[in-house]
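These notes are about the structure you will find just below.
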Amino acid sequence: MKKWSLLTLVGADQQAIVAAVTRVLAEADCELGETSMMRMGGSFAMMLRVRHENQDLATLLKEVCGQLSLHLHIDDDVDTASSAMEPDVNITVYGADRSGIVAEVTGILATAGLNIIDLETAMAGTADKPIYIMTIEGQALQGVDALTEAAKMISDGVELNIIPIQTLRA
Amino acid sequence: MAVLEIIHYPDQRLKQESEPVTVFDQALKDFLSELEETRLSGPGAVGIAAPQVGVAKRIAIVDVSKLKKPVDNHGYLLMINPEITHWEGMEKGREGCLSVPDFTGNVIRAEKIKIRFQNSEQQWTEFETTGYEARAIQHEIDHLDGMLFLDRLVSRRTDLFERKVYKK
Ligand SMILES: [Zn+2]
């Protein structure tokens, strides 16, 4: 009986990490599902859903994690089907960097029914005047108008764009 | 009349360029009816192209007039030998495809296009269209050129280039 696990691997970024890790998984007949992998700061972070024959993934990956100095965390994933959820709203936020901006924006939008599917933030601007940029894809469980209304409570100086997603099927 | 079978990628027929229609006969009209019936059988499909039923001819249907959230539209469009003659602007939007089940992704399309095509009586029509209808037409004409929306996927990180519709 095959099962799904969620692997999280993090380590100092270096070339060909993805190839090294996924080769070990492929040679052990582990199937990849959804994955998300990116450089964050000087680190490289990988999250992979893996379907396998109840293997000991920690032992399987021990050697490659040692070679590349990767931290490994394994969770069993109960979701057996595709976990894809359809976003119906796209939100971009930016402004002068200050502490608490993500907490404020997500907190206010959560009360208006925002279910976040995907969120990314980045720092930009100059060293003395940094700016913060956030992009969100999510579901507006109470409708996009509720989010737009709630967004008025967000502090001045934070630019916010709320754009409905109307997925085309053809 | 019958609902035709929709073929799914990796069927390589979806990657082939389709041939122009040169014979406008009753068989063509029968096929158009079946293609429309097939579109209507798909869940919420606003368009369909002949290659999606394995027919390599330059025929597509688009109808965005019945959406829950209405958009500007030209009604039911049956397009034979369609050509885009002008493109303007760029806009990102989310697309899915009857030939690629269980996946949607972000694609950049022209915001405004000029389109010309023939009807089943061989008459040409030309007009400009924008937004969602323009996107649907571009998606369909891609099918006629052996392209899928998968060939045009973009990262979410292009978000900042979107036009603003709400400013706090
Ligand atoms: Zn399609």
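The values are calculated or read from the model by the stated rules, or taken from the named source; none is laboratory data. Note that this is a predicted model, so its numbers are computed, not measured. Quick reminder, even Gly has a Cβ in these numbers, built from the backbone with ideal geometry, and neighbours come from all protein chains shown.
Looking at A:V158, A:V144, can you tell me which residue is surrounded by 16 or more Cβ atoms within 10 Å (Cβ to Cβ) and out of contact with any helix residue (DSSP H, G or I) (no Cβ under 9 Å at 6 or more places or on another chain)? Within the list A:V158, A:V144, the selection yields A:V144. The single condition among (1) touching a residue at least 40 places away in the same chain (Cβ under 8 Å); (2) in contact with an Asp or Glu (Cβ under 7 Å, 6 or more places away or on another chain) that A:S43 does not meet is (1).
Quick grid of which residues meet (1) under 24 Å from B:E34 (Cβ atoms); (2) surrounded by fewer than 16 Cβ atoms within 10 Å (Cβ to Cβ):
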| site | (1), (2) |
| --- | --- |
| B:K66 | yes, yes |
| B:G75 | yes, yes |
| B:H86 | no, yes |
| B:G89 | no, yes |
| B:R94 | no, no |
| B:S99 | yes, no |
| B:D102 | no, yes |
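Scanning segment B:88-102 for residues that are within 13 Å of the ligand (Cβ to nearest atom) and acidic (D, E) yields a single hit, B:E95. The residues on offer are B:L150, B:L160, B:L144, and the sole one that is within 13 Å of chain A (Cβ to nearest Cβ) and either within 16 Å of the ligand (Cβ to nearest atom) or modelled with pLDDT of 95 or more (or both) is B:L144. Selection of first residues in segment A:95-120 that are at negative phi and of a type in the set (D, E) and of second residues that are assigned to a helix (DSSP H, G or I) and exposed (fewer than 14 other Cβ atoms within 10 Å of the Cβ), restricted to Cβ pairs under 8 Å at least 6 apart or on distinct chains, gives the following pairs, ordered by first then second residue: A:E120/B:R157. Scanning segment B:10-63 for residues that are under 16 Å from the mean Cα position of the chain (by Cα), among the basic types (K, R) and in a helix (DSSP H, G or I) yields B:K15, B:R39. For segment B:103-136, filtering for residues that are within 14 Å of chain A (Cβ to nearest Cβ) and touching a Pro at 6+ places or on another chain (Cβ under 8 Å) leaves 0.
B:L4 meets the conditions (1) over 14 Å from B:S99 (Cβ atoms); (2) surrounded by fewer than 20 Cβ atoms within 10 Å (Cβ to Cβ); (3) among the hydrophobic types (A, V, I, L, M, F, W, C) in every case but one. The failed one is (1).
Taking the options B:S65, B:S33, name whichever one is farther than 17 Å from B:L148 by Cβ, free of Cβ contacts under 8 Å to residues at least 12 places away in the same chain and more than 16 Å from the ligand (Cβ to nearest atom).
On the way: B:S33 fails: free of Cβ contacts under 8 Å to residues at least 12 places away in the same chain.
Result: B:S65 is the single residue among B:S65, B:S33 that is farther than 17 Å from B:L148 by Cβ, free of Cβ contacts under 8 Å to residues at least 12 places away in the same chain and more than 16 Å from the ligand (Cβ to nearest atom).
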